[in-house]
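Here the structure is laid out as structure tokens; the discussion comes afterwards.
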Amino acid sequence: LQESRSTEACIQETMTLLSTRTDDEILNTRQMTDPTMIIAMKFLTKLESGMCQIKPRSVPFVTQKMIELSLAKGMSPMSPIGFVYFGSFISKRGDLSSGYRYVKLALSLLDKVGAESAGEVICIATQVKIFVEPIQAALEHHNDGYAASMVTGDVFNALLNTILKRGCMYVAGVKLQTMREEYEKFFRLAKENNHSIFLVQVKQVQRDVLRLIGSDEEVTIPEEEKLIASNNSVLKTFCFRKAYISFMFRSYDDAKEYVSKFYECRENAWANLMVTHVNHALYTGLISFWVARKSRDAQCWFARGNESKLTLKRWAESSRWTFENKWYLLE
């Protein structure tokens, strides 16, 4: 995969390759028939999904290889995965216009190559769509992703569509009591299928929801400590949730401690754009400005707050409905 190259060089090479063909030409590319190449694409798909969590810096290189093979050897049922991850990755890096184009292209490719990868493609595409379309409408696409995953027996992406829809609802401001019920339903579903990472991440949010509604119910997460030590994505979620709830209850020292830990681990988790990044930008920005007013290291914290503000401003340019109020809150 030639990871010795920079991520920027890899992205630019992929953009240059794609610029030589129109969307219609890509959609009408011949079908892949070589059995070896079809197996290779399936292997790269598994690699892509896993690396998003544990080795995000490798994602653009896997994505590039999938797109190269699709254009050179023909489109396979896995080809939409390469395009949707590329769109999501460049969206996270700030190019929402191009990213949105490629996730829509990936969705269109499903009509050409079949729905084998539809659950995952719809899932990743929907997470980009909420940064362009009104979140209350876009989140419903996760229902389609769930249904498509169940048709192909893809339990992992059925669960991923489900938990990410709950994440969209949380950001969209659905009542906390409703969120409590939704997370309890998902907890039972994840437990039935023995998905420990989903169990831990939903419990982390559930713990905050219960505190915010004033419940005395305790949430125990026996698997949390082990996964925090071994999975950077779980660690990132843990640090953010701790910083968030500390901020909500005005615990300055804890908020400062955990948001600092969040900044230390945030880059090495989840390569693609996700709804959780909305609250990450908003609340780390609010905490950073709070710390800046009380800390001796004000310049550093103001810079972090401004980074969050500019991120929300950029998103507001794509979707005023979802982001403009959050951007103004940090102004």
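The values are calculated or read from the model by the stated rules, or taken from the named source; none is laboratory data. It should be emphasised that the depicted structure is a prediction, and the values quoted were computed from it without experimental measurement. For neighbour counting, all protein chains shown are included, and Cβ atoms are generated from backbone atoms with ideal geometry for every residue, glycine included. Surface areas here come from the heavy atoms of the whole protein model, side chains and all, with no ligands, DNA or RNA. Shrake-Rupley method; radii C 1.70, N 1.55, O 1.52, S 1.80 Å.
Quick notes on this structure:
- A simple charge model with +1 on the Cβ of Lys and Arg, -1 on the Cβ of Asp and Glu and nothing else charged puts the dipole of segment 224-275 at about 120 debye relative to its Cα centre.
- 13 Å reach of a label modelled at Asp34, 7 Å along Cα-to-Cβ, counting backbone N of segment 67-104: 68-76
- Rounded FRET efficiency, nearest 0.05, which uses the C-beta distance separating Asn143 from Phe187 and R0 of 25 Å: 0.85
- Computed lengthening from Gln299 to Arg250, 0.36 nm per intervening residue step minus Cα-Cα distance: 15.5 nm
- Under-5 Å amide H pairs with Gln31, H placed in peptide plane, nonlocal only: Met75
- Heavy-atom accessible surface of the chain: percent carbon and sulfur, 1.4 Å: 51
- Karplus (6.51, -1.76, 1.60) ³J(HN,Hα), θ = phi - 60°, over segment 163-168, in Hz, Gly and Pro reported as x: 5, 6, 5, 4, x, 5
- Check: segment 76-118 dipole with +1 on Lys, Arg Cβ and -1 on Asp, Glu Cβ, in debye: 160
- Heavy-atom surface of the chain, accessible at 1.4 Å and reported per residue (Å²): 46
- Its Cα centre serving as origin, the chain has a Cβ charge dipole (Lys and Arg +1, Asp and Glu -1) of approximately 640 debye.
- For the residue pairs Lys203/Lys256; Lys42/Lys242; Lys55/Lys203, the C-alpha atoms sit more than 31 angstrom apart in Lys42/Lys242.
- Extension gain for Glu13 to Leu27 (0.36 nm times residue separation, less C-alpha to C-alpha distance): 3.0 nm.
- Relative contact order computed over segment 21-129 (Cα-Cα under 8 Å; 6+ residues apart), in percent: 26
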